[in-house]
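Trainee: The structure under discussion is supplied below as structure tokens; questions concerning it will follow.
The values are calculated or read from the model by the stated rules, or taken from the named source; none is laboratory data. What you see is a predicted model; the values in this text were computed from it and never measured. Here the Cβ positions follow ideal geometry from the backbone for every residue, glycine too, while neighbour counts run over all protein chains shown. Note: areas computed on protein heavy atoms with side chains; ligands, DNA, RNA excluded. Shrake-Rupley method; radii C 1.70, N 1.55, O 1.52, S 1.80 Å.
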Amino acid sequence: YNACPGFATGAIGNVVLSPSFFITDSARLVGTVVTGAVLKFTTSAGGQLSYSATAADNGKITLNYPSGFFDTAATPVPTVAITGPSGVTATCGAPGATSLVISLSSGSSAIPASTAVTITFTNLKLGASATAGNPTGMTVQTLDGDGADYNACPGFATGAIGNVVLSPSFFITD
């Protein structure tokens, strides 16, 4: 009839699952303004993300990356479209040195827990220096008033910028 000593329950959620980021090879050029870059992930079982009029509690998705991967200029302003859950709208701030933040918009539906999310970027400008990429250089985390998936996920590949030759060919005339 006596209870045993307490023990850890473990967390439900707190990190997004199956993250990936994609930019076509032909767009991976230094200083290119990219249309169609795609970030994908799945929210965890405890990772619902909701809109709030209070800035500190509003749902945010943060993409972290190596310094210089994206240009930090205020223009062009990146835009995003979110698919997977219906009715979700968001805005994207200008990229910072190592992260960019996507915030849910007023009137947006929530992003439910355990839901696959696809974010397509327009006007996302790549950095001014070539990079070989980093196999674990990107992470994603989400945050709102109740926590969501606040821990950064394990790192995933950034891909290279401007360090490969595209469409090579070789021809010898007769």
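Trainee: I want to check the label-to-label distance for THR91 and THR72. Put each point 7 Å from Cα in the C-beta direction and report it in nm to one decimal.
Mentor: Each label point is offset 7 Å from its Cα along the Cβ direction, giving 2.1 nm.
Trainee: Would you mind getting the accessible area per residue of the chain, heavy atoms of the protein chains only, 1.4 Å probe, in Å²?
Mentor: Heavy-atom accessible area per residue stands at 53 Å².
Trainee: So what is the relative contact order for region 39-111, in percent, with contacts set as C-alpha pairs under 8 Å and at least six apart?
Mentor: Working: 120 pairs, mean separation 26.6, N = 73.
Normalised by residue count, the contact order of region 39-111 is 36 percent.
Trainee: Same structure again: Quick one: net charge around LEU104, please, counting Lys, Arg +1 and Asp, Glu -1 for every other residue with C-beta under 15 Å from its C-beta. Working shown, then result.
Mentor: Working: positive: LYS60; negative: ASP57, ASP144, ASP146, ASP149.
Its environment carries a net charge of -3.
Trainee: For a quick check of your reading of the filter: which chymotrypsin sites (Phe, Trp or Tyr not before Pro) in region 1-109 sit in a DSSP loop and have no more than 11 other Cβ atoms within 10 Å?
Mentor: Details: sites: TYR1, PHE7, PHE21, PHE22, PHE41, TYR51, PHE69, PHE70; in loops: TYR1, PHE7, TYR51, PHE69.
For chymotrypsin sites (Phe, Trp or Tyr not before Pro) across region 1-109 that sit outside H, G, I, E and B with at most 11 neighbouring Cβ atoms in 10 Å, the list reads TYR1, PHE7.
Trainee: Could you please state how large a percent of the accessible area of the chain is carbon and sulfur, counting protein chains only and using a 1.4 Å probe?
Mentor: Of all accessible area on the chain, carbon and sulfur atoms account for 57 percent.
Trainee: For the chain, modelled as a Gaussian network with Cα springs under 10 Å, which listed residue fluctuates most, SER52, SER109, SER26?
Mentor: SER26
Trainee: Suppose every K and R has +1 on its Cβ and every D and E has -1 on its Cβ; what is the size of the dipole of the chain about the Cα centre, in Debye to the nearest 20?
Mentor: Working: 4 positive and 7 negative charges, 10 e Å.
Rounded to the nearest 20 debye, it is 40 debye.
Trainee: Provide the gained length on full extension for the span SER20 to PHE171, in nm with one decimal, where the gain is 0.36 nm per separating residue minus the Cα-Cα distance. Numbers along the way, then the final one.
Mentor: Details: separation 151, 0.36 × 151 = 54.36 nm, distance 3.73 nm.
Taking SER20 through PHE171 to full extension adds about 50.6 nm, to one decimal.
Trainee: Taking a quarter of the surface of the convex hull around the Cα atoms of region 110-174, what do you get in nm²?
Mentor: Details: hull surface 33.1 nm².
Averaged projected area of region 110-174's Cα convex hull equals 8.3 nm².
Trainee: Can I ask one more? What does the convex hull of the Cα atoms of region 46-90 come to per residue, in Å³, rounded to a whole number?
Mentor: About 141 Å³ per residue, rounded to a whole number.
Trainee: Quick check on region 1-138: what does the Kirkwood estimate of hydrodynamic radius come out to from the alpha carbon pairs, in Å?
Mentor: Working: mean 1/r = 0.0609 Å⁻¹.
16.4 Å is the Kirkwood radius here.
Trainee: Above 22 Å lies some portion of the pair distances; for region 75-152, what is it as a whole percent of all C-alpha pairs? Intermediate results must be reported in sequence, preceding the final value.
Mentor: Details: 917 of 3003 pairs.
The share of Cα pairs beyond 22 Å in region 75-152 comes to 31 percent.
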